[in-house]
Amino acid sequence: MLFTLKKYIGGLLLPLPFLLLVMGLGLALIWFSRWQRTGKGLITLSWLTLLLLSLQPVADFMLKPIEESYPTWRGGKPVSYIVVLGGGYTWNAQWAPGSNLINNSLPRLTEGVRLWRDNPGAKLIFTGGAAGSNPVSAAETSARVAESLGVPRSDIITLTSPKDTEEEAAAVKQAIGDAPFLLVTSASHMPRAMIFFRNAGLNPLPAPANQLAIDSPLNLWERVIPSPVWLMHSDRAGYETLGRVWQWLKGDSGEPGKQ
């Protein structure tokens, strides 16, 4: 119940739904009350905010500091395990396998497979339970996509019970104990994930994937025209900021044993 409530409340506080709620409140004040100036102000403010969050310079300015917390993994001491955290997915057997991994999930998996190839003999661990009425879990979906890319099933471990990152950390701890491992998740999610895994008594090696914030050259029109692509970047920044606030409220310090 708490998990579902957290998802609903957190979802409503993200930029797009929150600003639409503010606009709706403004419209209600204009149409059904005497507070028309307040309603116009709310609509104007929320519209301007939505416009700014849909521009590349603003969105990526917010997201880049979060994503740069950990660099891309360039190699080091070989590891025996590579943990790839679950994300958005569905399951449709008629689709190309990779199409079942939505948004952040496919870049995580491809980075996991790349690291698996760089670490001969390592096991790929996929995490994530079943979402909604899907007959297949997130972990199993990732495993099937990895198999389609040439990873033998004997090199794959699935942890199908966790619903969120905190539960994923506990499941990994139970599965591999104190063995060193590479932790693969989205670059924006890595700071929170590292806190959860360290608090579980683990010492993950961060291997971020799915970097989104762009500071390399772009066409001018891509920078100045509002786009849902950049709004998604703002959404990621907002989502991870809310997640970190939730960790702080729970007393998660990021240092083992200090909560």
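The values are calculated or read from the model by the stated rules, or taken from the named source; none is laboratory data. Just so it is clear, the structure is predicted and the values come from calculations on it, not from any experiment. All Cβ positions, glycine included, derive from the backbone under ideal geometry; neighbour counts span all protein chains shown. Accessible surface areas use protein heavy atoms only, side chains included; no ligands, DNA or RNA. Shrake-Rupley method; radii C 1.70, N 1.55, O 1.52, S 1.80 Å.
Taking each residue as 0.36 nm, the span from S99 to K173 lengthens on full extension beyond its C-alpha to C-alpha distance by 23.7 nm. Ordered by solvent-accessible area of protein heavy atoms (1.4 Å probe), largest first, the residues R236, R74, R153, R117 come out as R74, R117, R153, R236.
In order along the stretch 179-192, phi translates into HN-Hα couplings of 5, x, 7, 8, 9, 10, 7, 5, 4, 6, 8, 4, x, 5 Hz, rounded to whole numbers, per the Karplus curve 6.51 cos²θ - 1.76 cosθ + 1.60 with θ = phi - 60° and x for Gly and Pro. As a rough guide to protection, the peptides 57-70, 20-33, 199-212 ranked by mean Cβ packing within 10 Å, highest first, stand as 199-212, 57-70, 20-33. In summary, the lysines within cross-link reach of K77, defined as a Cα separation below 20 angstrom excluding same-chain residues under 8 places away, comprise K123. In this structure, the amide hydrogen of I156, modeled 1.01 Å from its nitrogen in the peptide plane, lies closer than 5 angstrom to those of L124, counting only residues at least 5 positions away or on a different chain. Per-residue accessible area (protein heavy atoms, 1.4 Å probe) orders Y81, Y8 as Y8, Y81, starting from the largest.
Taking the protein heavy atoms of the stretch 38-173 in the context of the full set of protein chains, the accessible area attributed to carbon and sulfur is 59 percent at 1.4 Å. Evaluating 6.51 cos²θ - 1.76 cosθ + 1.60 at θ = phi - 60° for every residue in the stretch 10-26, the Karplus couplings come out as x, x, 6, 8, 6, x, 5, x, 5, 5, 5, 4, 5, 4, x, 4, x Hz, glycine and proline recorded as x. Sorted from longest to shortest, the spans of the Cα atoms of the stretch 178-252 along the three principal axes equal 49, 28, 14 Å.
Distant-in-sequence amide contacts of F181, defined by a placed amide H-H separation under 5 Å and a gap of 5 or more residues or a different chain, comprise L205.
In the chain, helices alone account for a calculated mean residue ellipticity at 222 nm of -16500 deg cm²/dmol, with every DSSP H run of four or more residues adding -39,500 (n - 2.57).
Taken one residue at a time, the phi angles of the stretch 50-63 give Karplus couplings (6.51, -1.76, 1.60, θ = phi - 60°) of 4, 4, 5, 5, 9, 9, 4, x, 6, 4, 6, 5, 6, 7 Hz. Gly and Pro are set to x.
For Y89, the residues whose amide H sits under 5 Å from its own are I102, ignoring neighbours fewer than 5 places away on the same chain, with H placed 1.01 Å from N. Evaluated on the stretch 122-259, the Kirkwood hydrodynamic radius is 16.9 Å, with distances taken between all distinct Cα atoms. If you build a Gaussian network model of the chain, linking Cα atoms that sit under 10 Å apart, which residue out of T49, T90, T241 swings the most? Largest GNM mean-square fluctuation: T49. With the largest listed first and rounded to whole Å, the semi-axes of the equivalent ellipsoid of the stretch 1-142 from the Cα gyration tensor are 41, 21, 13.
Measuring only protein heavy atoms, the 1.4 Å probe finds E140 accessible over about 40 Å².
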